[in-house]
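Asker: Take this structure first; my questions come after.
Read the figures in this text as sums done on the coordinates, not as results from a lab. The structure displayed is predicted, hence computed values, not measured ones. Every residue, glycine among them, receives a Cβ derived from its backbone with ideal geometry; neighbour counts consider all protein chains shown.
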Amino acid sequence: QVQLVESGGGLVQAGGSLRLSCSASGMRAFHIIAMAWYRQAPGKQRELVALSTSTSTNYAGSVEGRFTISRDNAKRTVYLQMNSLKHEDTAVYYCNRYVSPYDWGQGTQVTVSS
């Protein structure tokens, strides 16, 4: 059974940085699975933030140049380095398989004070 556990969130001032981690235990062939980070702000729909495939990375326009997705396949872990954080980045952040997502984890709260 696959379990997704996100961590690393917190309260940070605008302009600061955070590094999120997502552990994907039980996921077979992790190294070839496209993984993504999503976020959901209060009152808004969940949105795709960053995507990592076996060959490329892609970002939402709102985070391009500020966020970096990376992965450690041996640890079945995906990271999201977030720099130059803005108030509008405040949300609960989740990771999941991009195609046919698993049950969502609890997410990790990121709060950016302006």
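Asker: Within 10 Å of each candidate Cβ there may be at most 13 other Cβ atoms; applying that plus a DSSP loop requirement, which trypsin sites (Lys or Arg not before Pro) in the range 9-114 survive?
Answerer: Counting only loop positions with at most 13 other Cβ atoms within 10 Å, the trypsin sites (Lys or Arg not before Pro) in the range 9-114 are R28, K44.
Asker: Sticking with this one: Quick one: net charge of G107's neighbours, Cβ under 10 Å, K/R +1, D/E -1?
Answerer: Numbers: positive: R39, R46; negative: E6.
In short, +1.
Asker: With an 8 Å cut-off on Cα pairs and a minimum separation of 6 or more residues, tell me the relative contact order of the chain in percent.
Answerer: For the chain, the relative contact order is 36 percent.
Asker: Please report the net charge: other residues with Cβ closer than 12 Å to the Cβ of V78, K and R +1, D and E -1. The partial results should precede the final answer.
Answerer: Working: positive: R19, R71, K75, R76, R97; negative: E6, D72.
Once positives and negatives cancel, what remains is +3.
Asker: Given a Förster distance of 30 angstrom, what is the FRET efficiency for T57 paired with S114, based on the Cβ-Cβ distance and rounded to 0.05?
Answerer: For R0 = 30 Å, the calculated efficiency reads 0.60.
Asker: Can you classify the range 1-64 as rounded, prolate or oblate using the Cα gyration tensor, where a ≥ b ≥ c are the square roots of its eigenvalues, rounded means a/c under 1.5, and otherwise it's prolate if a/b beats b/c and oblate if not? Walk me through the numbers on the way to the answer.
Answerer: Working: a/c = 1.80, a/b = 1.46, b/c = 1.23.
The shape class here is prolate.
Asker: Stretched out fully, how many nm does the piece from Q81 to Y102 gain, at 0.36 nm a residue minus the Cα gap?
Answerer: Working: separation 21, 0.36 × 21 = 7.56 nm, distance 2.27 nm.
5.3 nm is the gain from fully extending Q81 to Y102.
Asker: What number comes out for the charge environment of V63, summing +1 per Lys or Arg and -1 per Asp or Glu over other residues with Cβ under 13 Å away?
Answerer: -1
Asker: Does the chain come out rounded, prolate or oblate by the C-alpha gyration tensor, with a ≥ b ≥ c the root eigenvalues, rounded set by a/c under 1.5 and, if not, prolate when a/b is larger than b/c and oblate if not?
Answerer: Prolate shape, in that a/c is at least 1.5 and a/b is the bigger ratio.
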